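The structure appears below as structure tokens.
The values are calculated or read from the model by the stated rules, or taken from the named source; none is laboratory data. Being a predicted model, the structure only gives us computed values, none of them experimental. Positions of Cβ are generated from backbone atoms using ideal geometry, with glycine treated the same way; all protein chains shown enter the neighbour counts.
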Amino acid sequence: MHTVWKGAISFGLVHVPVKMFAATEDKDVHLRMIHKECGTPISNVRTCPHCEKEVEWEQIAKGYEYEKGRFVLFEPDELDAIKPDNTRTIQILDFVDLTEIDPLYYQKAYYLSPDQAGSGAYNLLLEAMRQSGKIGIAKIAIRSKSSLAAIRPLDNCICMETMHFPDEIRSLQQVPNLPEQTTVNDRELSMAKLLIDQLYAPFDPGKYTDDYRVALQEAIQRKIAGEGADIVTAPAAERTNVIDLMAALQASLEATKPAAGAPVADAAMGGTGDPGKAKPRGTRTRKKEGAVP
């Protein structure tokens, strides 16, 4: 598993070093946008509709639209200055009963494992929550986003589930056409409760599958096996590395050429240092009489 966060759980004076791992993974079958004419995947390009041109990252700022068409801009250092102070601590604020939390609050689940020499404190927190039947409510900052979190035991692991803040939960009063009072027929209610009893079964997550994903994967395999008109091959991108390599080689040759009027290296010219007196290869020089061999 890939570590997505490293830090510590803090409750009271206890410090529990932990590593965080995503407890879930995306199993969706992702389809890309393809140009039907040539089979090339479509690219998402950052463009300015006003200037009608592509915009580079260094020309982009983050801004908040406080009125229609009016934005307040922020520089990166301004946003860094207001980030949460402690981004490496899961600070438990309270311990509560799990049944008190509506599932509506839950976002994403993570597994926490002990880090380095923190197994003793990790086991202590795990067993204390398990025996007390309580779970921790904490604050955590992940990628500059502050979240509530529920810390709870799951078998021999501490599990953390990020939660929505209360003001992120929409009020039921905003939902249209809800009944003001629930009035039902007693006989119909009895039959409905009987049907619920007949359909009751212990929760077994393994019996549930994503039927659409399975059907889509089967359709993909059928198309691949058929090799029909629905199979396209994107054209190969133009090779620019050959041109770049030639340019690099040419530049290297130019850089190593001797300057105009400079003496040519002895090794290339037979060791005389004078191009006009270069010795032909394969010739030998006769010794002068009396010369030391």
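The residues on offer are Gly12, Gly63, and the sole one that is surrounded by fewer than 10 Cβ atoms within 10 Å (Cβ to Cβ), out of contact with any Gly (no Cβ under 6 Å at 6 or more places or on another chain), free of Cβ contacts under 8 Å to residues at least 60 places away in the same chain and under 29 Å from Thr162 (Cβ atoms) is Gly12. Scanning region 102-127 for residues that are under 12 Å from Asn156 (Cα atoms), over 22 Å from the mean Cα position of the chain (by Cα) and either crowded, with 17+ Cβ neighbours inside 10 Å or among the hydrophobic types (A, V, I, L, M, F, W, C) (or both) yields Pro114, Tyr122, Leu124, Leu125, Leu126. From the list Ala117, Ala109, the one residue that fits, being out of contact with any strand residue (DSSP E or B) (no Cβ under 6 Å at 6 or more places or on another chain), aliphatic (A, V, I, L, M) and under 26 Å from Ile142 (Cβ atoms), is Ala117.
Checking each residue in region 5-28 for being modelled with pLDDT under 90 and aliphatic (A, V, I, L, M) picks out Leu13, Val14. Restricting attention to region 116-135, the residues that are without any contact (Cβ under 8 Å) to a residue 60 or more places away in the chain and not in a loop (DSSP other than H, G, I, E, B) total 12.
The numbered conditions (1) more than 28 Å from Arg170 (Cβ to Cβ); (2) touching a residue at least 40 places away in the same chain (Cβ under 8 Å); (3) outside any helix (DSSP H, G or I); (4) not small (Gly, Ala, Ser) are all true for Leu93 except (1).
When region 71-100 is filtered for residues that are acidic (Asp, Glu) and under 28 Å from the mean Cα position of the chain (by Cα), the ones remaining, listed by number, are Glu75, Asp77, Glu78, Asp80, Asp85.
Suppose we filter region 175-219 for residues that are within 30 Å of Thr24 (Cβ to Cβ) and either aromatic (Phe, Trp, Tyr) or assigned to a loop (DSSP other than H, G, I, E, B) (or both); how many remain? First the steps, then the outcome.
Within region 175-219, the subset within 30 Å of Thr24 (Cβ to Cβ) is 175, 196, 199-219.
Next, from what is left, pick out any that are either aromatic (Phe, Trp, Tyr) or assigned to a loop (DSSP other than H, G, I, E, B) (or both): 175, 200-204, 208-210, 212.
Looking only at that region, the number is 10.
For region 20-47, filtering for residues that are more than 28 Å from Ala234 (Cα to Cα) and surrounded by 10 or more Cβ atoms within 10 Å (Cβ to Cβ) leaves 4. When Glu56 is tested against (1) under 30 Å from Pro235 (Cβ atoms); (2) acidic (Asp, Glu); (3) over 23 Å from the mean Cα position of the chain (by Cα), exactly one condition is not met: (3). When only residues in region 136-166 that are assigned to a loop (DSSP other than H, G, I, E, B) and among the polar types (S, T, N, Q) count, which is farthest from Thr24 (Cα to Cα)? So the residue we want is Ser144. Can you name every residue in region 162-215 that is more than 30 Å from Lys139 (Cβ to Cβ), in contact with an Asp or Glu (Cβ under 9 Å, 6 or more places away or on another chain) and not basic (Lys, Arg)? The one that is more than 30 Å from Lys139 (Cβ to Cβ), in contact with an Asp or Glu (Cβ under 9 Å, 6 or more places away or on another chain) and not basic (Lys, Arg): Asp210. Any residue in region 26-54 that is farther than 27 Å from Gln221 by Cα sitting within a Cβ distance under 8 Å of a residue that is among the β-branched types (Val, Ile, Thr) and surrounded by 10 or more Cβ atoms within 10 Å (Cβ to Cβ)? List the pairs, counting only those 6 or more apart or interchain. The qualifying pairs are Arg46/Val55; Arg46/Ile60; Thr47/Val55; Cys48/Val55; Lys53/Thr47; Glu54/Thr47.
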